[in-house]
Amino acid sequence: MKKLLSAMIALVLLVSCAAFAASAEEKKVLRPFNDPDAAAIAAAQDITVNASLSALAVNEEEGTLTLDIHVTDFYRKEDLLALQPGDVIYANNEEIVIETLAWDELNIWLDINGGFFEGDCASFYALPGVCGEGIMISQQYDDITGTTALEPQAFKLAEQVTVSTFRWGEDGEPDDEMDVAVLTPDQVKDYLQQVEDKDFFFGYSNTTVRIVDGQITEITLNWAPYA
């Protein structure tokens, strides 16, 4: 009797494990199809990236500036259309378990779990002529696209670094203030600090950095109160 009971328990466990393994295989985990590669960015001859930075990230001794690079996430529309409740999507640097999916009438906007206005959710949209045919990007909040953050990376400052700051007013209109400074590496830290002292910040949503042959040549801040 004991042997029979043990055999039955073993069979139940075996069936349960098999069912769990099958459900794990069926569950989809959709990630952006463009796999960010920090090494590729460092090796690029000429590339412009979105990045967060600050005066404190400048190493004057080594002549470097450490960047927190963010790469825009791109998704294939066909993959998003195939998603079902229970699947998982990686968006805005986190895995989201899908409870609900709501497409608009034209199938160019998708809200997952209520959209970006809710917690633990995401929205995705297509921009014809910008994203490419059949490509969608996620929206994190307001007009900020979803990104994947790379590990902080230090880059050499070029012999001349052009820092441009463009400001928008509280009303969302440009205030026509554009500052452009051409700096040597030993001037960059103080200049960035001066900008930050005016309550502006260099965030990945408003800052682009041009890297040529592994060296930073341009920093552009497109500052707005909501960026």
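Coordinate-derived values only; no laboratory data. Small disclaimer: the values here were computed from a predicted structure and weren't measured. Neighbour counts run over all protein chains shown; Cβ positions are idealised from the backbone, glycine included.
For the peptides 79-91, 154-166, the ranking by mean Cβ contacts within 10 Å, running from highest to lowest, is 154-166, 79-91. Here the peptides 43-54, 179-190, 211-222, 95-106 are ranked by packing, the mean other Cβ count within 10 Å, and the order with the highest first is 211-222, 43-54, 179-190, 95-106.
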